[in-house]
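Have a look at the structure below, then the notes.
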Amino acid sequence: MTLRIGCIADDFTGGTDAAAAFRRAGLRTALVFGVPGSDTALPAGCDAAVVALKSRSAPVREAVADSLATQRWLRTRGAAQIYLKYCSTFDSTPEGNIGPVTDALLDAAGARTTLACPASPPNGRTVYKGHLFVHDEPLSESPLRHHPLNPMTDSSLPRLLSAQTRHRVGRIDLATVRGGADGVRDALRAGERDGVRHLIADALTDDDLAVLGEAARGLPVVTGAAGLAEGLGRACPLAGAAGPEDLPPRGRAAVLAGSCSARTLEQIARFYAAGLPSLHVDVLAAAAGRDVIGDALAWYDVQDPGVPVLVYASASPEELAAVQRQLGVAEAAAHVEELLGGLAVRLVERGVRRLLVAGGETSGAVTTALGVRAVLVGDEADPGVPWTHASTPAGGLALMLKSGNFGAPDLFVRALRTTEAEEPV
Ligand SMILES: Nc1ncnc2c1ncn2[C@@H]1O[C@H](COP(=O)(O)OP(=O)(O)O)[C@@H](O)[C@H]1O
Ligand SMILES: O=C(O)[C@@H](O)C(=O)COP(=O)(O)O
């Protein structure tokens, strides 16, 4: 099999988002979880493969090593171009990992310059004059300033990236992008000549990103979020070739939420307001040794099998701060991951066949617990939120991995609503 594009995503929902973008561009796309090995198989006939790592908040050395191993794996499967997918909010620690990983991928590919653009217009992320906006606000004034792991308190991409690389960082402004792909190519060549390694491009719309994708066709390494992934996909000669995927399997439906993002909290509120059963799992009780999984399963077993259920650890910024003060950030996160991962396994054993997971770290914990290594990407319910098709020892599973901030407020209700024609197993 020869891949056209290989993508390395720094978290699991970011991988889903990028995979959805390649598929939207018409490429048959696989999503692989974790660093692949020689025995990792891709579904037949894929044009693009996205490998989702958990490297966003990992120590720099680990993030670099995992990304390089994945780059080698993708290149042996034919991928001449590597796309590094990070968060559209440039979610990173002060040390990285976006800068160090990009530099390592460039070195390994023997390339000197790369194009970077985290814009993702369908989700309200745009780049103008090098500053990242989230809808109407600069990044540093958006809810991302309260992120549980990586609070983002600066909006200047050149400043954020310069802190993570010893190489020069430059910009390609909107006027150049609007002038077309030739001008962007000239800017890339000029950057290469002048020793500028990272060129951050402005982009406000998908059309801007299509121009960037066209201009970046020959670059061995390109970086950004799902918007530029779609731009690259559309510039690929195979664009438009993928057919429709099967519908998700029928069966019981559940949401597991560990994201504390503003949008996820809204989606939880909508689910509750729709009169659907929801249960909050108590992280402090789990830390104190209570069998919170057992309690949640006892609750689940008496719910109406015909309606979706929601189990969530998600908390408001104030509640989250209180738990983190008491347990520490890492221990609190470890309890949440253990609870939701453990629950996912038990729910699938009990017949859940459509599972929606909210949160990047949370999705990593759930797929790891389920032992899911690769999925085929299907239709999107909302931008960047596709159904994927997985197999587990208990049977086929439709899995939706949702980034915390993604999806319309009614996503949980809409994506899992059981129609009369659908009988629960
Ligand atoms: N009640 C809680 N107390 C403490 N930490 C929590 C709680 N609920 C969720 N978390 C943590 O918040 C983080 C959310 O991150 P993630 O799942 O990546 O969501 P997002 O996609 O919104 O960033 C996880 O590390 C999770 O463990
Ligand atoms: O690019 C994006 O915004 C997403 O694909 C993404 O990576 C979001 O990260 P999480 O909010 O941690 O899921």
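Flag set for Ser278, criterion: among the hydroxyl-bearing types (Ser, Thr, Tyr) and more than 13 Å from ligand 1 (Cβ to nearest atom). So is Arg234 open to solvent by 40 Å² or more (accessible area, probe 1.4 Å), away from ligand 2 (no atom under 16 Å from the Cβ) and in contact with a Gly (Cβ under 8 Å, 6 or more places away or on another chain) or not? The answer is yes for Arg234. Given the structure, is Leu212 buried (at least 18 other Cβ atoms within 10 Å of the Cβ) and either in contact with a His (Cβ under 9 Å, 6 or more places away or on another chain) or outside any strand (DSSP E or B) (or both)? Answer is yes for this residue.
Each residue in region 77-97 was checked for being away from ligand 1 (no atom under 16 Å from the Cβ) and either of a type in the set (Phe, Trp, Tyr) or farther than 16 Å from Ala374 by Cβ (or both), and 9 of them qualify.
Consider Ala69 carefully, then state whether it is in the same structural domain as Ser140 (by TED's automatic domain parsing) and in contact with a helix residue (DSSP H, G or I) (Cβ under 9 Å, 6 or more places away or on another chain).
no
Tell me, yes or no, whether region 251-263 has at least one residue that is modelled with pLDDT of 95 or more, open to solvent by less than 10 Å² (accessible area, probe 1.4 Å), more than 22 Å from Arg168 (Cα to Cα) and in a helix (DSSP H, G or I). No: region 251-263 contains no residue that is modelled with pLDDT of 95 or more, open to solvent by less than 10 Å² (accessible area, probe 1.4 Å), more than 22 Å from Arg168 (Cα to Cα) and in a helix (DSSP H, G or I). When Gly240, Gly218 are checked against the criterion of being open to solvent by 40 Å² or more (accessible area, probe 1.4 Å), in the same structural domain as Ser92 (by TED's automatic domain parsing) and modelled with pLDDT under 95, Gly218 stands alone in meeting it.
The values are calculated or read from the model by the stated rules, or taken from the named source; none is laboratory data. These figures come from a predicted structure and were not determined experimentally. Note that we place each Cβ from the backbone using ideal geometry, even for glycine, and neighbour counts take in every protein chain shown. Side chains included, ligands, DNA and RNA excluded: accessible areas come from the protein's heavy atoms. Shrake-Rupley method; radii C 1.70, N 1.55, O 1.52, S 1.80 Å.
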